[in-house]
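Engineer: Structure provided below as structure tokens; questions to follow.
The values are calculated or read from the model by the stated rules, or taken from the named source; none is laboratory data. Keep in mind that what you see is a predicted model, and the values were worked out from it rather than measured. Every residue, glycine as well, gets a Cβ built from its backbone with ideal geometry; the counts of neighbours run over all protein chains shown.
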Amino acid sequence: MEFNILEGPSSERESARCAHCNKVMNGGRSDRRFCNDLCRNTYNREKRKQEANQAGEDIVEDIIRIIRKNYALLKKLNPLEEQLVADRHSIYKKGFNFMYYTSTKMIGGDRYYFCFDHGWRDLEYGLIELLVDPDLVKY
Ligand SMILES: [Zn+2]
């Protein structure tokens with residue numbers, strides 16, 4: 001005998017339920033999934049909405065992951081929280097993504113990019129300057 005997880009034995013398919021409202025559907029084709037067009041349209045619209053929300057969540061998670069990694073790399077490169085010069089390409093090769101940061105700030109006429117309290121700015125010759133936000137209160 002052939003079984004379907006939701007509906008039981010195929011001989012009972014005449015009591016299949018609507019995928020949207022869960023009402024028992026009598027008659028019609030055995031592969032019917034919805035009791036009417038309204039249920040089918042509503043089901044499809046909600047499914048699309050869910051998929052769009054999920055895609056939005058995924059983007060947020062991806063960006064948080066990038067910023068977390070950037071922050072970890074900045075901390076690793078500058079563990080003593082000094083003002084120092086580093087090679088831009090070598091930090092890039094470690095997976096740093098210069099497109100993502102949490103804020104920018106002008107310090108002494110230069111724009112710095114920050115991931116939380118750790119920041120950088122571009123220098124000439126493929127170098128960057130690292131520093132910790134001097135305006136943050138230290139414990
Ligand atoms: Zn229905």
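Engineer: Name the one entry in ILE107, ILE91 that is in contact (Cβ under 8 Å) with a residue 24 or more places away in the chain, in contact with a helix residue (DSSP H, G or I) (Cβ under 7 Å, 6 or more places away or on another chain) and not polar (S, T, N, Q).
Structural biologist: Working: ILE107 fails: in contact with a helix residue (DSSP H, G or I) (Cβ under 7 Å, 6 or more places away or on another chain).
On inspection, the qualifying residue turns out to be ILE91.
Engineer: Which one is farthest from the ligand (Cβ to nearest atom) among residues in the stretch 47-56 that are exposed (fewer than 11 other Cβ atoms within 10 Å of the Cβ) and modelled with pLDDT of 90 or more? Don't jump to the end; show me each part of the working.
Structural biologist: If we filter the stretch 47-56 for residues that are exposed (fewer than 11 other Cβ atoms within 10 Å of the Cβ), which is where we start, we get 48-56.
Right, trim to modelled with pLDDT of 90 or more and you get 48-55.
Details: ARG48: 18, LYS49: 18, GLN50: 18, GLU51: 21, ALA52: 23, ASN53: 23, GLN54: 24, ALA55: 27 Å.
Ranking the candidates gives ALA55 first.
Engineer: Also, I was wondering about something else. Pairs needed: first member in the stretch 15-36, more than 17 Å from LYS47 (Cβ to Cβ) and away from the ligand (no atom under 11 Å from the Cβ); second member anywhere, at pLDDT 90 or above and among the aliphatic types (A, V, I, L, M); C-beta distance under 7 Å; at least 6 residues apart or different chains.
Structural biologist: Close Cβ pairs (under 7 Å, with a partner that is at pLDDT 90 or above and among the aliphatic types (A, V, I, L, M)) amount to SER15/VAL24.
Engineer: Hey, does the stretch 9-16 have a residue that's in contact with a helix residue (DSSP H, G or I) (Cβ under 7 Å, 6 or more places away or on another chain) and modelled with pLDDT of 50 or more?
Structural biologist: So the first thing to find is which residues in the stretch 9-16 are in contact with a helix residue (DSSP H, G or I) (Cβ under 7 Å, 6 or more places away or on another chain), and the list is none.
No, the stretch 9-16 has no match at all.
Engineer: Among the numbered criteria (1) surrounded by 10 or more Cβ atoms within 10 Å (Cβ to Cβ); (2) within 16 Å of the ligand (Cβ to nearest atom); (3) at pLDDT below 90, which single criterion is violated by ASN44?
Structural biologist: So ASN44 meets the others, but not (3).
Engineer: In the set TYR71, TYR125, TYR101, TYR113, which member is among the hydroxyl-bearing types (Ser, Thr, Tyr) and more than 25 Å from the chain's Cα centre (by Cα)? Before you say what the answer is, go through the steps one by one.
Structural biologist: Numbers: TYR71 fails: more than 25 Å from the chain's Cα centre (by Cα); TYR101 fails: more than 25 Å from the chain's Cα centre (by Cα); TYR113 fails: more than 25 Å from the chain's Cα centre (by Cα).
Being among the hydroxyl-bearing types (Ser, Thr, Tyr) and more than 25 Å from the chain's Cα centre (by Cα) holds for just one of TYR71, TYR125, TYR101, TYR113, which is TYR125.
Engineer: Quick one: which of PHE34, PHE98 is part of a loop (DSSP other than H, G, I, E, B), of a type in the set (Phe, Trp, Tyr) and closer than 30 Å to ARG17 by Cβ?
Structural biologist: Details: PHE98 fails: closer than 30 Å to ARG17 by Cβ.
Residue meeting the stated conditions: PHE34.
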